[in-house]
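K.L.:
Below is a structure I'd like to ask you about.
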Amino acid sequence: MHFSKLEGLGNDFLVANAESVDHGRASELAQKICDRHYGVGADGLLVYSKENPSSGSDFRMRIFNADGGEAELSGNGLRCLAAFLFAERLAESPTVRIATLAGVKLLRLTDSIPPEYWFEVDMGEPILERSRIAFTPSTEPASLISFELSVGAKAYLATISSMGNPHCSLFVNQFSDLDWEGLGSQIERHPFFPRRTNVEFIRVRNRSEIEVRFWERGVGKTFSSGTGSCAATVASILNGHTDRRVKIQTLGGSLEVEWKEDKRLQLKGPARSICSGEYVGWTPPRV
(Lines give C-alpha, C1' and ligand atoms only; values in the text may rest on other atoms or scores of the structure.)
Protein backbone atom coordinates (compact mmCIF):
# COMPACT_ATOMS: atom_id res chain seq x y z
CA MET A 1 0.00 0.00 0.00
CA HIS A 2 1.40 3.39 -0.99
CA PHE A 3 1.49 6.00 1.77
CA SER A 4 2.82 9.48 2.38
CA LYS A 5 3.86 10.87 5.74
CA LEU A 6 3.31 14.51 6.74
CA GLU A 7 3.42 16.51 9.94
CA GLY A 8 1.77 19.62 11.31
CA LEU A 9 4.04 20.98 14.04
CA GLY A 10 5.07 17.50 15.07
CA ASN A 11 1.56 16.03 14.94
CA ASP A 12 2.26 13.39 12.28
CA PHE A 13 -0.06 11.51 9.94
CA LEU A 14 0.08 8.86 7.26
CA VAL A 15 -2.02 9.48 4.15
CA ALA A 16 -3.47 6.71 1.97
CA ASN A 17 -5.93 6.61 -0.90
CA ALA A 18 -9.25 5.03 0.05
CA GLU A 19 -8.99 2.72 -2.97
CA SER A 20 -6.06 0.91 -1.34
CA VAL A 21 -7.77 0.48 2.03
CA ASP A 22 -10.30 -2.17 3.04
CA HIS A 23 -12.71 0.07 4.95
CA GLY A 24 -13.87 -2.81 7.10
CA ARG A 25 -10.29 -3.16 8.35
CA ALA A 26 -9.21 0.50 8.40
CA SER A 27 -9.08 0.51 12.18
CA GLU A 28 -6.81 -2.53 12.17
CA LEU A 29 -4.62 -0.94 9.51
CA ALA A 30 -4.27 2.27 11.55
CA GLN A 31 -3.11 0.36 14.62
CA LYS A 32 -0.49 -1.52 12.62
CA ILE A 33 0.89 1.20 10.39
CA CYS A 34 0.92 3.89 13.11
CA ASP A 35 2.92 1.72 15.52
CA ARG A 36 6.26 3.47 16.05
CA HIS A 37 8.19 0.24 16.59
CA TYR A 38 6.60 -2.28 14.22
CA GLY A 39 4.99 0.03 11.66
CA VAL A 40 5.80 3.32 9.97
CA GLY A 41 4.85 5.38 13.03
CA ALA A 42 2.36 8.24 13.31
CA ASP A 43 -0.33 9.79 15.48
CA GLY A 44 -2.98 8.86 12.94
CA LEU A 45 -3.98 7.58 9.51
CA LEU A 46 -5.80 9.80 7.00
CA VAL A 47 -7.78 7.97 4.32
CA TYR A 48 -8.88 10.24 1.47
CA SER A 49 -11.08 9.95 -1.60
CA LYS A 50 -12.02 12.26 -4.45
CA GLU A 51 -15.52 13.76 -4.20
CA ASN A 52 -17.87 15.11 -6.84
CA PRO A 53 -17.71 18.92 -6.47
CA SER A 54 -21.51 19.03 -6.71
CA SER A 55 -21.56 17.33 -3.30
CA GLY A 56 -20.15 20.49 -1.73
CA SER A 57 -16.63 19.13 -1.21
CA ASP A 58 -13.60 18.29 -3.32
CA PHE A 59 -12.23 15.45 -1.17
CA ARG A 60 -13.38 13.34 1.77
CA MET A 61 -11.17 12.45 4.72
CA ARG A 62 -11.53 9.76 7.35
CA ILE A 63 -9.29 9.99 10.40
CA PHE A 64 -8.15 6.97 12.39
CA ASN A 65 -6.15 7.52 15.55
CA ALA A 66 -3.16 5.35 16.42
CA ASP A 67 -5.37 3.17 18.63
CA GLY A 68 -7.68 2.47 15.68
CA GLY A 69 -10.53 4.70 16.82
CA GLU A 70 -12.12 6.94 14.22
CA ALA A 71 -12.07 10.67 14.99
CA GLU A 72 -14.52 13.25 13.73
CA LEU A 73 -11.99 15.95 12.95
CA SER A 74 -8.33 16.96 13.13
CA GLY A 75 -7.16 20.49 12.37
CA ASN A 76 -3.57 19.39 11.84
CA GLY A 77 -4.78 16.40 9.85
CA LEU A 78 -6.75 18.72 7.55
CA ARG A 79 -3.63 20.76 6.82
CA CYS A 80 -1.54 17.63 6.29
CA LEU A 81 -4.01 16.20 3.79
CA ALA A 82 -4.26 19.55 2.01
CA ALA A 83 -0.45 19.78 1.82
CA PHE A 84 -0.39 16.29 0.30
CA LEU A 85 -3.05 17.26 -2.25
CA PHE A 86 -1.13 20.34 -3.32
CA ALA A 87 2.22 18.53 -3.37
CA GLU A 88 0.73 15.81 -5.59
CA ARG A 89 -1.10 18.42 -7.70
CA LEU A 90 -4.43 16.82 -6.95
CA ALA A 91 -5.89 20.15 -5.81
CA GLU A 92 -6.52 22.51 -8.71
CA SER A 93 -7.07 25.86 -6.99
CA PRO A 94 -5.70 27.70 -3.90
CA THR A 95 -8.77 26.57 -1.97
CA VAL A 96 -9.88 23.03 -1.22
CA ARG A 97 -13.00 21.74 0.50
CA ILE A 98 -12.56 18.59 2.59
CA ALA A 99 -15.53 16.65 3.96
CA THR A 100 -15.16 15.17 7.45
CA LEU A 101 -17.47 13.60 10.02
CA ALA A 102 -17.67 17.12 11.51
CA GLY A 103 -18.76 18.70 8.22
CA VAL A 104 -17.03 20.27 5.23
CA LYS A 105 -13.98 22.40 6.02
CA LEU A 106 -12.55 25.05 3.70
CA LEU A 107 -8.77 25.48 3.49
CA ARG A 108 -6.90 28.21 1.63
CA LEU A 109 -3.25 27.90 0.69
CA THR A 110 -1.48 31.09 1.80
CA ASP A 111 2.15 30.21 1.08
CA SER A 112 4.36 27.32 0.09
CA ILE A 113 8.05 26.53 0.12
CA PRO A 114 7.91 22.79 -0.62
CA PRO A 115 7.93 20.55 1.25
CA GLU A 116 6.19 23.02 3.62
CA TYR A 117 2.77 24.58 3.02
CA TRP A 118 0.79 27.17 5.01
CA PHE A 119 -2.97 27.31 5.27
CA GLU A 120 -5.90 29.26 6.66
CA VAL A 121 -8.62 26.85 7.76
CA ASP A 122 -12.25 27.70 8.43
CA MET A 123 -12.89 25.40 11.40
CA GLY A 124 -16.53 26.46 11.80
CA GLU A 125 -18.31 27.40 15.01
CA PRO A 126 -17.39 25.78 18.32
CA ILE A 127 -20.14 23.74 19.93
CA LEU A 128 -20.95 24.98 23.43
CA GLU A 129 -24.38 23.44 24.10
CA ARG A 130 -24.19 20.48 26.47
CA SER A 131 -26.87 18.58 24.53
CA ARG A 132 -24.69 18.62 21.40
CA ILE A 133 -21.51 17.42 23.13
CA ALA A 134 -20.69 13.84 24.13
CA PHE A 135 -20.64 14.94 27.77
CA THR A 136 -22.99 13.36 30.32
CA PRO A 137 -22.37 14.66 33.86
CA SER A 138 -24.33 13.16 36.74
CA THR A 139 -26.40 16.36 37.05
CA GLU A 140 -27.17 19.03 34.48
CA PRO A 141 -24.45 21.70 34.87
CA ALA A 142 -25.28 25.37 35.23
CA SER A 143 -22.42 26.12 32.82
CA LEU A 144 -19.72 24.34 30.83
CA ILE A 145 -17.33 27.19 31.69
CA SER A 146 -15.24 26.44 34.82
CA PHE A 147 -17.16 23.21 35.36
CA GLU A 148 -15.94 21.40 38.47
CA LEU A 149 -14.70 18.03 37.26
CA SER A 150 -13.78 15.50 39.93
CA VAL A 151 -10.90 13.18 39.06
CA GLY A 152 -10.05 10.78 41.85
CA ALA A 153 -9.82 12.73 45.09
CA LYS A 154 -9.31 16.11 43.40
CA ALA A 155 -11.54 18.54 41.54
CA TYR A 156 -10.44 20.66 38.57
CA LEU A 157 -12.12 23.58 36.85
CA ALA A 158 -12.61 22.63 33.22
CA THR A 159 -14.24 24.24 30.21
CA ILE A 160 -16.09 21.74 28.02
CA SER A 161 -16.56 22.30 24.28
CA SER A 162 -16.61 20.51 20.95
CA MET A 163 -15.15 21.16 17.53
CA GLY A 164 -17.13 18.21 16.22
CA ASN A 165 -14.93 16.18 18.58
CA PRO A 166 -15.09 16.61 22.38
CA HIS A 167 -12.63 18.78 24.32
CA CYS A 168 -11.90 19.39 27.98
CA SER A 169 -9.71 22.45 28.66
CA LEU A 170 -7.95 23.21 31.97
CA PHE A 171 -5.78 26.16 33.01
CA VAL A 172 -2.46 25.71 34.80
CA ASN A 173 0.10 28.07 36.31
CA GLN A 174 3.12 25.92 35.39
CA PHE A 175 3.25 22.63 33.54
CA SER A 176 5.99 21.45 35.87
CA ASP A 177 3.60 21.70 38.81
CA LEU A 178 1.29 19.03 37.40
CA ASP A 179 1.52 15.51 36.01
CA TRP A 180 -0.54 16.65 33.06
CA GLU A 181 0.06 13.49 31.05
CA GLY A 182 -1.23 11.30 33.88
CA LEU A 183 -4.20 13.60 34.45
CA GLY A 184 -4.91 13.78 30.73
CA SER A 185 -5.03 10.00 30.55
CA GLN A 186 -7.53 9.91 33.41
CA ILE A 187 -9.74 12.65 31.99
CA GLU A 188 -9.74 11.08 28.52
CA ARG A 189 -11.60 8.10 29.93
CA HIS A 190 -13.64 9.94 32.56
CA PRO A 191 -17.17 8.44 32.78
CA PHE A 192 -18.70 11.84 31.96
CA PHE A 193 -17.27 11.49 28.43
CA PRO A 194 -18.94 8.42 26.88
CA ARG A 195 -16.85 8.70 23.70
CA ARG A 196 -13.72 9.79 25.58
CA THR A 197 -12.31 13.28 25.17
CA ASN A 198 -9.33 15.33 24.08
CA VAL A 199 -7.69 17.33 26.87
CA GLU A 200 -5.86 20.67 26.75
CA PHE A 201 -3.71 22.12 29.54
CA ILE A 202 -3.38 25.88 29.06
CA ARG A 203 -0.90 28.36 30.48
CA VAL A 204 -1.87 31.96 29.71
CA ARG A 205 1.12 34.15 28.80
CA ASN A 206 -0.75 37.37 28.01
CA ARG A 207 -3.92 38.63 26.31
CA SER A 208 -2.79 37.39 22.91
CA GLU A 209 -0.68 34.32 23.63
CA ILE A 210 -1.13 30.99 25.37
CA GLU A 211 0.99 27.87 25.77
CA VAL A 212 -0.77 24.50 25.54
CA ARG A 213 -0.03 20.84 26.15
CA PHE A 214 -2.25 18.29 24.43
CA TRP A 215 -3.51 14.87 25.44
CA GLU A 216 -5.38 13.46 22.45
CA ARG A 217 -8.05 10.82 22.59
CA GLY A 218 -6.73 7.56 21.19
CA VAL A 219 -3.17 8.88 20.81
CA GLY A 220 -1.89 10.32 24.10
CA LYS A 221 0.60 13.17 24.29
CA THR A 222 0.96 15.01 20.98
CA PHE A 223 3.27 17.87 20.03
CA SER A 224 0.38 19.88 18.61
CA SER A 225 -3.35 19.80 17.90
CA GLY A 226 -5.45 21.94 15.58
CA THR A 227 -8.85 21.29 17.13
CA GLY A 228 -7.20 21.38 20.57
CA SER A 229 -5.75 24.81 19.81
CA CYS A 230 -9.20 26.01 18.77
CA ALA A 231 -10.78 24.61 21.94
CA ALA A 232 -8.02 26.15 24.08
CA THR A 233 -8.59 29.52 22.42
CA VAL A 234 -12.34 29.33 23.00
CA ALA A 235 -11.78 28.38 26.65
CA SER A 236 -9.32 31.25 27.12
CA ILE A 237 -11.76 33.77 25.66
CA LEU A 238 -14.79 32.46 27.55
CA ASN A 239 -12.86 32.62 30.82
CA GLY A 240 -11.77 36.20 30.12
CA HIS A 241 -8.06 35.47 29.82
CA THR A 242 -7.42 36.54 26.22
CA ASP A 243 -8.70 38.61 23.32
CA ARG A 244 -10.23 36.96 20.24
CA ARG A 245 -7.00 36.51 18.26
CA VAL A 246 -4.54 34.18 19.97
CA LYS A 247 -1.11 32.74 19.24
CA ILE A 248 -0.79 29.19 20.56
CA GLN A 249 2.65 27.91 21.51
CA THR A 250 2.82 24.12 21.31
CA LEU A 251 5.68 21.68 21.77
CA GLY A 252 5.97 21.57 17.97
CA GLY A 253 5.74 25.30 17.19
CA SER A 254 3.10 28.00 16.96
CA LEU A 255 -0.39 28.21 15.50
CA GLU A 256 -2.77 31.17 15.27
CA VAL A 257 -6.47 31.02 16.01
CA GLU A 258 -9.03 33.81 15.69
CA TRP A 259 -12.60 33.54 16.97
CA LYS A 260 -14.26 35.90 14.56
CA GLU A 261 -17.29 38.07 15.20
CA ASP A 262 -19.38 35.73 13.02
CA LYS A 263 -18.58 33.05 15.65
CA ARG A 264 -16.43 30.99 13.28
CA LEU A 265 -12.89 29.95 14.13
CA GLN A 266 -10.00 30.50 11.74
CA LEU A 267 -6.88 28.40 12.21
CA LYS A 268 -3.55 29.33 10.61
CA GLY A 269 -0.56 27.02 10.48
CA PRO A 270 1.85 24.91 8.42
CA ALA A 271 2.10 21.31 7.29
CA ARG A 272 5.14 19.57 5.87
CA SER A 273 5.72 16.52 3.71
CA ILE A 274 8.25 14.09 5.18
CA CYS A 275 8.39 11.02 2.95
CA SER A 276 6.43 8.47 0.97
CA GLY A 277 6.80 4.75 0.49
CA GLU A 278 5.23 1.32 0.25
CA TYR A 279 3.83 -0.36 3.34
CA VAL A 280 4.28 -4.10 2.80
CA GLY A 281 2.65 -5.16 6.04
CA TRP A 282 -0.79 -4.68 4.52
CA THR A 283 -2.72 -6.61 1.89
CA PRO A 284 -4.89 -4.29 -0.26
CA PRO A 285 -8.51 -5.27 -0.88
CA ARG A 286 -9.26 -7.38 -3.91
CA VAL A 287 -11.02 -5.59 -6.75
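The values are calculated or read from the model by the stated rules, or taken from the named source; none is laboratory data. Everything numeric here is computed off the predicted structure, so don't read it as measured data. Glycine also receives a Cβ, built like all others from the backbone with ideal geometry; neighbour counts cover every protein chain displayed.
K.L.:
Before we move on, is PHE193 closer than 18 Å to ASN65 by Cβ, free of Cβ contacts under 8 Å to residues at least 60 places away in the same chain, surrounded by 15 or more Cβ atoms within 10 Å (Cβ to Cβ) and not aliphatic (A, V, I, L, M)? Let's see the steps before the verdict.
P.N.:
Details: closer than 18 Å to ASN65 by Cβ: yes; free of Cβ contacts under 8 Å to residues at least 60 places away in the same chain: yes; surrounded by 15 or more Cβ atoms within 10 Å (Cβ to Cβ): yes; not aliphatic (A, V, I, L, M): yes.
The answer is yes for PHE193.
K.L.:
TYR117 passes all but one of (1) in contact (Cβ under 8 Å) with a residue 24 or more places away in the chain; (2) assigned to a helix (DSSP H, G or I); which number fails?
P.N.:
Only one criterion is unmet by TYR117, namely (2).
K.L.:
Separate question: Pairs under 9 Å by beta carbon, first residue touching a residue at least 24 places away in the same chain (Cβ under 8 Å) and of a type in the set (Gly, Ala, Ser) in the range 130-149, partner exposed (fewer than 15 other Cβ atoms within 10 Å of the Cβ) and not in a loop (DSSP other than H, G, I, E, B), six or more apart or different chains?
P.N.:
Sorted first by the residue in the range 130-149, then by its partner, the pairs are SER146/LEU157.
K.L.:
Restricting to the range 68-97, and then to whatever is assigned to a loop (DSSP other than H, G, I, E, B) and under 22 Å from SER229 (Cβ atoms), can you tell me which residue is farthest from the chain's Cα centre (by Cα)?
P.N.:
Start the filter on the range 68-97 by keeping residues that are assigned to a loop (DSSP other than H, G, I, E, B), which leaves 68-69, 72-74, 88-94.
Filter again for under 22 Å from SER229 (Cβ atoms), leaving 69, 72-74.
Numbers: GLY69: 13, GLU72: 9, LEU73: 6, SER74: 3 Å.
The selected residue is GLY69.
K.L.:
Just checking, does the range 206-226 include any residue being among the hydroxyl-bearing types (Ser, Thr, Tyr) and touching a Cys at 6+ places or on another chain (Cβ under 6 Å)? Working first, answer last.
P.N.:
Quick first cut of the range 206-226, residues among the hydroxyl-bearing types (Ser, Thr, Tyr) only: 208, 222, 224-225.
With the extra rule that they be touching a Cys at 6+ places or on another chain (Cβ under 6 Å), the set shrinks to none.
So far as the range 206-226 goes, no, none of its residues is among the hydroxyl-bearing types (Ser, Thr, Tyr) and touching a Cys at 6+ places or on another chain (Cβ under 6 Å).
K.L.:
Condition first: in a strand (DSSP E or B), exposed (fewer than 14 other Cβ atoms within 10 Å of the Cβ) and either touching a Lys or Arg at 6+ places or on another chain (Cβ under 7 Å) or not assigned by TED's automatic domain parsing to the domain that holds THR100 (or both). Can you find one or more residues in the range 157-164 that meet it? Working first, answer last.
P.N.:
We begin by selecting, within the range 157-164, every residue in a strand (DSSP E or B); these are 157-162.
Filter once more, keeping what is exposed (fewer than 14 other Cβ atoms within 10 Å of the Cβ): 157.
Within this subset, residues satisfying the condition of being either touching a Lys or Arg at 6+ places or on another chain (Cβ under 7 Å) or not assigned by TED's automatic domain parsing to the domain that holds THR100 (or both) are 157.
Scanning the range 157-164 turns up at least one residue that is in a strand (DSSP E or B), exposed (fewer than 14 other Cβ atoms within 10 Å of the Cβ) and either touching a Lys or Arg at 6+ places or on another chain (Cβ under 7 Å) or not assigned by TED's automatic domain parsing to the domain that holds THR100 (or both).
K.L.:
When the range 46-67 is examined, which residues are found to be of a type in the set (A, V, I, L, M) and outside any loop (DSSP other than H, G, I, E, B)?
P.N.:
First pass over the range 46-67, keeping only residues of a type in the set (A, V, I, L, M): 46-47, 61, 63, 66.
Across the range 46-67, the qualifying residues are LEU46, VAL47, MET61, ILE63.
K.L.:
So ILE33 fits all but one of (1) closer than 21 Å to ARG217 by Cβ; (2) within 16 Å of the chain's Cα centre (by Cα); (3) surrounded by 22 or more Cβ atoms within 10 Å (Cβ to Cβ); what number is the exception?
P.N.:
(2)
K.L.:
Another question about this same structure. Which of the residues spanning the range 147-171 are more than 21 Å from the chain's Cα centre (by Cα) and at pLDDT 95 or above?
P.N.:
Those that are more than 21 Å from the chain's Cα centre (by Cα) and at pLDDT 95 or above: PHE147, GLU148, LEU149, SER150, VAL151, LYS154, ALA155, TYR156, LEU157.
Yes/no per residue for (1) surrounded by fewer than 19 Cβ atoms within 10 Å (Cβ to Cβ); (2) closer than 13 Å to ASN76 by Cα; (3) at pLDDT 95 or above:
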residue: ILE210; (1), (2), (3): no, no, yes
residue: ARG213; (1), (2), (3): no, no, yes
residue: ARG217; (1), (2), (3): no, no, yes
residue: PHE223; (1), (2), (3): yes, yes, yes
residue: CYS230; (1), (2), (3): no, yes, yes
residue: VAL234; (1), (2), (3): no, no, yes
residue: ARG245; (1), (2), (3): yes, no, yes
residue: GLN249; (1), (2), (3): yes, no, yes
residue: GLY252; (1), (2), (3): no, yes, yes
